[in-house]
Each structure stands twice: as structure tokens, then as C-alpha cells.
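I have placed the structure first, in the form of C-alpha cells, so that the comments after it can refer back to it.
The values are calculated or read from the model by the stated rules, or taken from the named source; none is laboratory data. Worth saying up front: this structure is predicted, and the values here are computed from it rather than measured. Because the Cβ atoms are built from the backbone with ideal geometry, glycine has one as well, and the counts that use them run over all protein chains shown.
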Amino acid sequence: MAVLYERHRDEALRFAASLTSRRQDAEDVLHEAFAKTVSAIRRGYGPSGNFGAYLSTCVRSVAASVWTKQMRERPALVEELEPDPVDDPGLERVLSVLEREDVVEAMRALPARWQTVLWYAEVMGEPPRNIARMLDIEPNAVSALLIRARAGLRAAYNSRPSRTSLTGAAMTASEATGAGRGRMPANELEELTS
């Protein structure tokens, strides 16, 4: 076995060094791979022909095991230990909405059914077919209800004193979309274009 070790050591060590970041790790990988190869030969397994290729395969396998072990044992970074205050995207959306009193008050002014459908669609990100099952109505009815609820929220938001005192420059993207589709009331469209 000593002859095989001396014959293949340098090549296997170079290969192990290419797979690891430190020379000491490369030597450890080489020694463990060689021990596994010798153990396999003694049990009647192992290479019957090309010893170098078999040793290279063992080196790759041992290097992968060492890398996996190091990744499990690596110290956690501070960012990993302290979770973000908002890990849930739905909660993040809610918090950003709740920071604006106008939106909260506009939402509270809506009927409960509109609030529910808006909550599931906009905050929870549920598709209409799932909301339909929850509310025990047809998916098309949910879509229609969402259109009315969004328009109602927009109207309640626009009727707020802080909102109505603003000029047309404060128009939201959804309002602009509504105007483009001909859904904006004529008086608001006139006010916007004048």
C-alpha cells in the first residue's frame, strides 16, 4: 500500500487542494480518501484496474463531506441571528398600509364584506378562486366584488380631508388606470384635465 500511496500522493493532493480552501484540509481529505480506498480493497471492493481514478473519486467524495460538515458547523452571522422585524411579506404590506392613517380610515369606512375581500386579495395575496371558497360565492362574483371594493376604497380615500385638499397631481396609479379605462367619474376626469 505504501507504494500506491507514494505513486498517487502528489496528484491526489493537487486534486484535493483544488477542492478545498486550505492546504491542511487538502491533506486531511487525501488521507481519509486513501484510508477509504484501502479499506474498500481489503473488503474485496475497490478498484480492479485504475487505482488513480478510484482514489480521485474518493477524494471528491471526502471533500464534499468535509465541505458539508464545515457548512453545518460554521458560526452564524449576526444578520442570521437577528431576524428582520418583518419576515412575512403580507405583514410587511399591512404595516406599510397601517402607517398611513388615511388608508386605515378609508378601509374602516367600507362594508365588512369589502374589507374581507380586499384583505384576502391585497394583503394575503389570495387568488379569487380561493377567496370564493372562503366566502362561499363564485370566483366571478369575487372578481366583481373586488372591483367594487377597490373603487369604494379609492372613493373613501379620496373623500378624506387631507386627500381632497391636494391637487390633481396626487392622483394614485390605480386612479390613473381607472381614468384610462373610462371608469373615473366625469367630474373627476374634468377636474384632472383642466
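Looking across P127, P185, one residue alone is surrounded by 11 or more Cβ atoms within 10 Å (Cβ to Cβ), out of contact with any strand residue (DSSP E or B) (no Cβ under 9 Å at 6 or more places or on another chain) and either among the hydroxyl-bearing types (S, T, Y) or at pLDDT below 85 (or both). It is P185. The residues in segment 59-84 that are modelled with pLDDT of 75 or more and either not assigned by TED's automatic domain parsing to the domain that holds A12 or not basic (K, R) (or both) can be counted, and the count is 9. Would it be correct to say that S39 is free of Cβ contacts under 8 Å to residues at least 24 places away in the same chain and under 19 Å from M71 (Cα atoms)? For S39, the condition - free of Cβ contacts under 8 Å to residues at least 24 places away in the same chain and under 19 Å from M71 (Cα atoms) - is not met.
Close Cβ contacts (under 6 Å, 6 or more residues apart or on different chains) running from residues in segment 8-27 that are farther than 13 Å from R60 by Cα to residues that are modelled with pLDDT under 90 comprise H8/G52; H8/L55. Exactly one residue out of Y120, Y157 is of a type in the set (F, W, Y), modelled with pLDDT of 55 or more and over 30 Å from the mean Cα position of the chain (by Cα): that is Y157.
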